[in-house]
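A.B. asks: Quick one: the structure is below, questions incoming.
Every number in this text was worked out from the coordinates using simple rules, so none of it is lab data. Just so it is clear, the model here is predicted, and its values are computed rather than measured. For neighbour counting, all protein chains shown are included, and Cβ atoms are generated from backbone atoms with ideal geometry for every residue, glycine included.
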Amino acid sequence: MRRGNVELIPGKNLGRYPYCNSVFIHEKPGIVIDAGSDEEKLLALKQDPGIGIIINTHYHEDHFLYNYLFPEAEFWVPEQDAPAFESLDTVMDFCGIIGLPDEKNWISYYLDQFNYRVRKAERKLKDGDQLQFGKTRVEVIHAPGHTPGHSGFWFPEEKVLFVADYDLTAFGPWYGDRVSSLEDTIASVEKLRKIPAEVYWVSHGEEIPREQAEGRFAEYLKVITVREEKLLAFLKTPHTLDEIVDQWIIYRKEREPVYFFRFAEQAMVKKHLENLRKRGLIKKEAVIGLHKEFFVRS
Ligand SMILES: [Zn+2]
């Protein structure tokens with residue numbers, strides 16, 4: 001999948017987690033966006049034409065998986081996510097992992113499975129930055145929510161939009177970090193949807209032609225509404241956070257490893273609860289003597 005000098009490098013296993021798709025800009029040396037696709041392919045590109053710059057769309061582990069293989073490359077990341085690359089404590093804090101009983105497991109998961117290495121960014125990318133690599137022009141589209149710095153990349157000549165982790169899958173958007181935002185996610189997906197691309201490249205899955213894109217964007221956003229409706233239906237009677245998490249409204253069923261998915265389920269449900277409370281649709285009640293908090297429809 002190549003348009004002009006820009007190529008989508010499919011990740012292993014269709015780019016499913018723990019891998020992602022990479023975007024490669026053919027220059028001498030080349031530029032990789034998200035080095036999480038395929039170790040062999042990336043090492044071959046390092047041989048020829050060389051890799052001069054590594055860009056990350058955001059700080060998630062499946063996107064930085066193979067960054068460590070390119071220590072000599074320049075490193076560019078969105079400015080809001082740069083602190084997560086500069087300190088392990090910060091990435092743990094951004095994810096909401098600090099203080100969890102299994103914090104140590106998460107830390108070794110990042111270091112050993114995903115090769116996390118502290119790395120200072122040579123350039124911090126901002127919304128609207130125009131990057132020129134030889135003949136190839138690319139605009140940075142800041143699309144926060146998934147993470148605060150999460151950014152897409154728009155190639156106006158090739159009419160390719162790399163939407164990164166707003167991957168238009170049936171699962172729907174993911175906003176499970178402490179610093180993720182449900183409201184920003186919706187606004188960012190709407191922003192990306194308006195860009196007149198001919199093909200859409202996603203971090204996970206296959207390229208999406210323009211004819212399918214509108215339907216996929218609509219379905220993707222609808223997942224958020226469906227989650228909200230299920231939550232509101234369940235909260236016709238009061239429930240604790242634990243009881244709500246047991247419903248698996250986001251992941252649809254309990255998944256293994258449970259510690260990993262239950263953590264994300266809870267984090268995302270909490271974003272919905274905050275959002276519904278702000279809109280006056282639910283309220284929190286404390287029952288005296290029970291030391292428990294309940295959520296219920298207003
Ligand atoms: Zn991500």
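A.B. asks: Taking every DSSP beta bridge that has both residues in the chain, what percent is antiparallel when rounded to the nearest 5?
C.D. replies: 65
A.B. asks: Using label points projected 7 Å from each Cα along Cα→Cβ, tell me how many nm separate residue 132 and residue 278, to one decimal.
C.D. replies: Going from the residue 132 label point to the residue 278 one covers 4.0 nm.
A.B. asks: Kirkwood-based Rg over Rh for segment 235-297 (C-alpha set), two decimals?
C.D. replies: Rg divided by Rh gives 1.00.
A.B. asks: Tell me, what ³J(HN,Hα) does each residue in segment 220-233 have, in order and in whole Hz, if you take phi through Karplus 6.51 cos²θ - 1.76 cosθ + 1.60 with θ = phi - 60° and put x for Gly and Pro?
C.D. replies: 4, 6, 5, 4, 5, 4, 5, 4, 5, 4, 4, 5, 5, 5
A.B. asks: Something else now. Looking only at segment 23-75, where both bridge partners belong to it, what percent of the DSSP beta bridges are antiparallel (to the nearest 5)?
C.D. replies: Rounded to the nearest five, the antiparallel share is 35 percent.
A.B. asks: Moving on to the next point. Considering Cα pairs under 8 angstrom that are at least six residues apart, work out the relative contact order of the chain and quote it in whole percent.
C.D. replies: Values: 579 pairs, mean separation 38.2, N = 298.
Normalised by residue count, the contact order of the chain is 13 percent.
A.B. asks: Net charge around residue 106, counting only other residues with Cβ within less than 14 Å of its Cβ (Lys, Arg = +1; Asp, Glu = -1)?
C.D. replies: Details: positive: 104, 178, 262; negative: 61, 89, 93, 102, 103, 112, 177.
Overall, the nearby charge balance is -4.
A.B. asks: Moving to a separate point now. Fewest Cβ neighbours within 10 Å first, please rank 193, 279 accordingly. Write out the running numbers ahead of the final one.
C.D. replies: Numbers: 193 20, 279 10.
In order of increasing Cβ crowding within 10 Å: 279, 193.
A.B. asks: Please sort by residue number the GluC sites (Glu not before Pro) in segment 187-222 whose DSSP state is loop and whose Cβ has at most 16 other Cβ atoms within 10 Å.
C.D. replies: 198, 206, 207
A.B. asks: Suppose every K and R has +1 on its Cβ and every D and E has -1 on its Cβ; what is the size of the dipole of the chain about the Cα centre, in Debye to the nearest 20?
C.D. replies: Its charge dipole is roughly 840 debye.
A.B. asks: Please report 107, 288 as a ranked list, fewest other C-beta atoms within 10 angstrom at the top and most at the bottom.
C.D. replies: With the sparsest Cβ surroundings first, the list reads 288, 107.
A.B. asks: Work out the FRET efficiency for residue 89 and residue 296 from their Cβ-Cβ distance, taking R0 = 35 Å, and round it to the nearest 0.05.
C.D. replies: For R0 = 35 Å, the calculated efficiency reads 0.40.
A.B. asks: Another question, then. Considering all projection directions equally, how large on average is the shadow of the alpha-carbon convex hull of segment 18-114, in square nanometres?
C.D. replies: Values: hull surface 24.1 nm².
Mean orientational projected area (segment 18-114, Cα hull): 6.0 nm².
A.B. asks: From the phi of every residue in segment 115-120, what ³J(HN,Hα) in whole Hz does the Karplus formula 6.51 cos²θ - 1.76 cosθ + 1.60 yield, where θ is phi - 60° and glycine or proline is x?
C.D. replies: 6, 4, 9, 4, 8, 8
A.B. asks: Could I ask something else about it? For the chain, with a Gaussian network of springs between Cα atoms less than 10 Å apart, report the residue from 119, 178, 252 with the top mean-square fluctuation.
C.D. replies: Residue with maximal mean-square fluctuation among 119, 178, 252: 252.
A.B. asks: What FRET efficiency, computed as 1/(1 + (r/R0)^6) with R0 = 22 Å and r the Cβ-Cβ distance, is obtained for residue 214 and residue 170, rounded to the nearest 0.05? Each step should come with its number before you reach the end.
C.D. replies: Values: r = 16 Å, r/R0 = 0.73.
After rounding, the FRET efficiency stands at 0.85.
A.B. asks: Quick one: what Rg and Dmax do you get for the chain from the alpha carbons, in Å?
C.D. replies: For the chain, the Cα-based Rg and Dmax read 19.9, 69 Å.
A.B. asks: Another question about this same structure. So how far, in whole Å, is the C-alpha centre of segment 155-178 from the one of segment 2-37?
C.D. replies: 14
A.B. asks: Hey, another quick one. For a footprinting-style exposure proxy, rank 6, 223, 199 by other Cβ within 10 Å, fewest first.
C.D. replies: With the sparsest Cβ surroundings first, the list reads 223, 199, 6.
A.B. asks: Using the Karplus equation 6.51 cos²θ - 1.76 cosθ + 1.60 (θ = phi - 60°), what ³J(HN,Hα) coupling, rounded to whole Hz, does each residue of segment 137-144 give in order, writing x for Gly and Pro?
C.D. replies: Residue by residue, segment 137-144 yields 10, 9, 10, 7, 10, 5, 9, x Hz.
A.B. asks: For residue 51, list long-range residues whose amide hydrogen, built 1.01 Å from N in the peptide plane, is under 5 Å from its own amide hydrogen.
C.D. replies: When sequence neighbours closer than 5 places are left aside, the close amide H contacts are 30.
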